[in-house]
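Colleague: Here it is: the structure, laid out below.
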Amino acid sequence: MTEQHNNRLVKFRQDYQPPAFSISCVKLCFELEPNTTTVTSVMQMTRQHADVPLILDGQHLTLLSIALNGDPLLADAYQVDAHCLTVFSLPDQFELTIVTQLSPQSNTALEGLYLAGDTYCTQCEAEGFRRISYFLDRPDVLAEYYVTIIAPAQRYPFLLSNGNKLSEHVDSAGNRVVQWHDPFPKPSYLFALVAGDFAKLSDQYITQSGREVSLELFVEKGAANKGDFALQALKRAMNWDEQRFNLEYDLDVYMVVAVDFFNMGAMENKGLNVFNSKYVLADPSSATDRDYFNIESIIGHEYFHNWTGNRVTCRDWFQLSLKEGLTVFRDQEFSADMASATLCRIDAVKLIRTAQFAEDASPMSHPIRPEQVIEMNNFYTVTVYDKGAEVIRMLQTCLGKTDFARGLALYLQRHDGQAATCDDFLQAMQDVTGQNLTQFGLWYSQSGTPELTVSQHYDASSATLRLNLVQITPATADQSEKQPLLIPVKIELLFPNATVQQHLLLLTDAEQQFVFDNVTQQPVVVWLEHFSAPVKLINNVDDDSLLFIARHATDGVARWDAMQQFWSRKVAHCLSASQSDAVLPDAVLQLMRHWLTQPGDDLALTAELLTLPDFDTLAEQYQQIPVNQLIDILRQFKQQISVKLAQPLRQCYDVLPFQPYSYNQQASAVRRLRAVCLSYLVFSSVDATNVLTSQYQHADNMTDVIAVLTASQQLDSDIFQNLVNDFADRWQHDALVMDKCFALVASNPHPQVFAAIETMQQHPLFSWNNPNRVRALLSAFSQRNPAQFHRADGKGYQLLANSIIKLDAINAQVAARLVTPLLSWRRFEPKRQQLMRSALQQIAKIKGISNDVYEKVSRSLN
Ligand code: B3K
Ligand code: ZN
């Protein structure tokens, strides 16, 4: 049953019904025109339920004709409204031909078929296909697709769709006509079409069984030299999936197209991935190490979907984590094997501790398998994706790597060519291992962040170590009752004689004790090693033990985590004592000095060990977020470190070599550590300006340049302004680099930021129609500039609200993403609460507000 929410349809997971009709085959013909594209669809359909009409989804379409088995339908045989086309009295098996018209040019939502610049492009997930043709636009209707694309040959050298190309010719009218066939039945959300003029890079991959796959990468003309890294990353991903999971690619061709106008990162359409150009194009002068990392990981992610998502897809959209959580887990494992495993894990943990914990604590809280949805696009969240990946990781931890891989193989074999559920996935894991996963299944249905309180008691006389664990999941906005979960808690015991022991504790009860006998020395306990579960850890380990762990634990993630815990405590202590001038203990300064003077082999880890937790990580530890105090304390800590460790910081910075850029683990670790040193040096160095300017001028790569700009943002002098002006000048014609400039300008913690944002909105490359530009400016402001976004006078909230209102009419999906920082207004002190709430109310009042924005704002205000 669905429910109306202020005239908006709410869908519930419980209400799933299998489709009343199936579509075995669909033939689509596109005659591309900017404002009058004609789509002819011929569907072979079979009735699955007696006595029901056929209800096809369709939006923003003009119906030109409809015919049943070749005969036009009479007007009373069907009915059209703004959301569907209903056809009455149909036989059990039939062919339905529907001709529609649409306007790709006026489609600024970038969902369905749109024209951006000179490129036609589609985005169908989750429910965009209904903007292309009337269809059963749901993931459990799988059909074989034949696609014909017709467009002027001169302007459109490339007309692409899924699968293998059947034919291509230019007709007498000068139109190119290309036919495609995808032999693998797929849901409509995996359909894709791209038409344009590109530079094409080609390569080849031979699969483990010896099949040749041609790899084709399409990028904007003139950018061919920036595509090679992505193409090589694709080959690494194909090879990795064969090695790790024995999964091989299945079509003769794998195409990737980079486009400038795209709502998210990329899309896994069968055989034809569409990518945001930001995640394809790279060269050393314009892309950072982080960009290279992201490209490899997203290329991997979309490729891995070919099995986890495409060959086995989702039965309904509530099951989204079935493909997304699993595929994020797979891309994380791939990245860990390609780059530094420790850093990959640290990055993943940071994301969970900031954005995901914040989402759990917000009005949008939902389990990784949501229960109710108004706009599906709102549920492509850190919870579904990243907590989803943590859940898969826990499963692997509980079952072991080998059994996990066997379970995955069984799941894929059992459901190949089908639309499956999260329960199907768990069932396969259970069948392979014989383990009962009922309690583990709660991770799919229960939202919220569990709090895990741990303590340890060592008794020398009996040589026993008792570990006590208590779990509680606080109520969330969507669910008040919570049950104990199965939590895998990895621990490491560090003994005084330098030996270590590792154990896995499986916590199943609300409170549980684990006793270790024959423990002859008292160990330091490392809890939740490698962040073995997405929980908040509360422990009573003393500061010295934390610093000991930071120095001696075997797991780099545990070492980093110990430092994070240490700093969080120091911050909390300062706050509770209302101390504005807390003095940092010598012990931590000593340790940092040690790392600076002997940075060891893993420079990237050293860089992380030397980095303080950021504002967002700290904020998640407070029910009511003390904005100004957190910013102040963090700044004081940094200043103190920079003064007390001025010399070793400078020395460490000076000995790090500037070598010609290459993207590899060792070299990016050097740059990472250099950036951390610089972020401190700016506070203390007498010649801060010289250090910054010199690095800025001599850098041969974007990573070192961005490090300078970011560090200089912290200074009150006009150095940042000067450098950023130069940067903007230098890169004024490169939109992707200008995005970095927009983000730097918008995250500048000084009050000039408002005027600067306004100026940037006038930049020739800025456009409200381009999601990358909007995000660069506004997400950077609202998510990376707490000082100005949370200004006490509410100016920051106003800026965001006005932007959302403007954007909602252009691109609701992107507008709804921007709303997130306002939703958690209850977590601030009363004055800010009131200002944030009134910004939300202002948005809610707008007539015709989209479902996307409405769903989030109304959940927050109610
Ligand atoms: N599956 C797409 C995301 C689609 C988002 C729709 N709003 C990209 C990915 O996760 O691989
Ligand atoms: Zn995905």
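Colleague: Could you grab the relative contact order for the range 432-524? Cα pairs under 8 Å, six or more apart, rounded to a whole percent.
Modeller: Values: 153 pairs, mean separation 27.9, N = 93.
The normalised contact order for the range 432-524 reaches 30 percent.
Colleague: Give me the net charge for the shell around Q713: Cβ to Cβ below 13 angstrom, other residues only, Lys and Arg +1, Asp and Glu -1.
Modeller: Numbers: positive: R635, K638, K740, R784; negative: D716, D718.
Surrounding charge for Q713 is +2.
Colleague: Can you give me the Cα centroid spacing of the range 565-634 and the range 845-862 in angstrom?
Modeller: What the calculation gives is 38 Å, centre to centre.
Colleague: Packing-wise, with mean Cβ within 10 Å as the measure, how do 759-767, 362-370, 817-825 rank, highest first?
Modeller: Working: 759-767: 14.8, 362-370: 23.9, 817-825: 21.9.
Highest-to-lowest ranking by the protection proxy: 362-370, 817-825, 759-767.
Colleague: A follow-up question, please. Run the reach check for K490 against lysines, Cα to Cα strictly under 20 Å, same-chain hits fewer than 8 apart removed. What comes back?
Modeller: K350, K387, K401, K536
Colleague: Let me ask you something else. Among P187, T119, S462, which residue has its Cα furthest toward the positive end of the charge dipole of the chain, with +1 on Lys/Arg Cβ and -1 on Asp/Glu Cβ?
Modeller: It is S462, whose Cα lies furthest towards the positive end.
Colleague: Give me the net charge of A282's neighbourhood, meaning all other residues with Cβ under 14 Å from the Cβ of A282; Lys, Arg count +1, Asp, Glu -1.
Modeller: Values: positive: K226, K278, R290, K740; negative: E220, D228, D283, D289, D291, E296, D734, D739.
In short, -4.
Colleague: About the Cα centre of the range 732-862, how large is the charge dipole given +1 on each Lys and Arg Cβ and -1 on each Asp and Glu Cβ? Please answer in debye to the nearest 20.
Modeller: Numbers: 17 positive and 8 negative charges, 93 e Å.
Around 440 debye, computed over the range 732-862.
Colleague: Can I ask one more? Considering only the other residues whose Cβ falls under 12 Å of the Cβ of Q659, what net charge follows from Lys and Arg at +1 and Asp and Glu at -1? Before the final figure, lay out the partial values.
Modeller: Working: positive: R671, R674; negative: D700, D704.
Cβ neighbours under 12 Å give a net charge of 0.
Colleague: Specify which residue in the list L736, L68, S167 is farthest towards the positive end of the charge dipole of the chain, using unit charges on the beta carbon of Lys, Arg (+1) and Asp, Glu (-1), about the Cα centre.
Modeller: Farthest towards the positive pole: L736.
Colleague: Just how large is the dipole of the range 759-827 about the Cα centre, in debye to the nearest 20, putting +1 at every Lys and Arg Cβ and -1 at every Asp and Glu Cβ?
Modeller: On the way: 9 positive and 2 negative charges, 39 e Å.
Computed charge dipole of the range 759-827: roughly 180 debye.
Colleague: How large is the dipole of the chain about the Cα centre if only Lys and Arg carry +1 and Asp and Glu carry -1, each at its Cβ, rounded to the nearest 20 debye? Spell out each step's value before the answer.
Modeller: Numbers: 69 positive and 95 negative charges, 318 e Å.
Once rounded to the nearest 20, the dipole reads 1520 debye.
Colleague: Specify the inter-centroid distance of the range 257-301 and the range 28-71, based on alpha-carbon positions, in whole Å.
Modeller: For the range 257-301 versus the range 28-71, the Cα centre distance is 33 Å.
Colleague: If one computes the Cα centroid of the range 534-548 and of the range 458-516, what distance in Å separates the two points?
Modeller: 13 Å
Colleague: Taking H as built 1.01 Å from N, whose amide H comes closer than 5 Å to the amide H of A361, not counting residues under 5 places away?
Modeller: none
Colleague: Would you work out which of A361, I392, A341 lies farthest towards the positive end of the dipole of the range 341-392? Charges go on Cβ: Lys and Arg +1, Asp and Glu -1.
Modeller: A341
Colleague: At 222 nm, what value in deg cm²/dmol follows for the chain if DSSP H runs of at least 4 each add -39500 (n - 2.57) and the sum is divided by all its residues, to the nearest 500?
Modeller: Working: 29 runs with 335 residues, N = 862.
Estimated from H runs of four or more residues: -12000 deg cm²/dmol.
Colleague: Follow-up question, since we're still on this one. What is the range 114-233's relative contact order, in percent, from Cα pairs under 8 angstrom and six or more apart in sequence?
Modeller: Working: 222 pairs, mean separation 31.2, N = 120.
Worked out over the range 114-233, it gives 26 percent.
Colleague: Could you list F425, F658, F30 so that the one with the fewest beta carbons within 10 Å of its beta carbon is first and the one with the most is last? List each step's numbers first, then the result.
Modeller: Values: F425 29, F658 14, F30 26.
Going from sparsest to densest Cβ surroundings: F658, F30, F425.
Colleague: Need one word for the range 750-862: rounded, prolate or oblate. Basis is the Cα gyration tensor (sqrt eigenvalues a ≥ b ≥ c); a/c below 1.5 gives rounded, then a/b vs b/c decides. Present the calculation step by step, with values, prior to reporting the outcome.
Modeller: Details: a/c = 2.05, a/b = 1.12, b/c = 1.83.
Judged from the Cα gyration tensor, the range 750-862 comes out oblate (a/c at least 1.5, b/c at or above a/b).
Computed from the coordinates by the stated procedures, all read-outs in this text should not be read as laboratory data. Just so you know, these numbers come straight off a predicted model, no measurement behind them. Ideal geometry is used to build each Cβ from the backbone, glycine not excepted, and the neighbour counts take in all protein chains shown.
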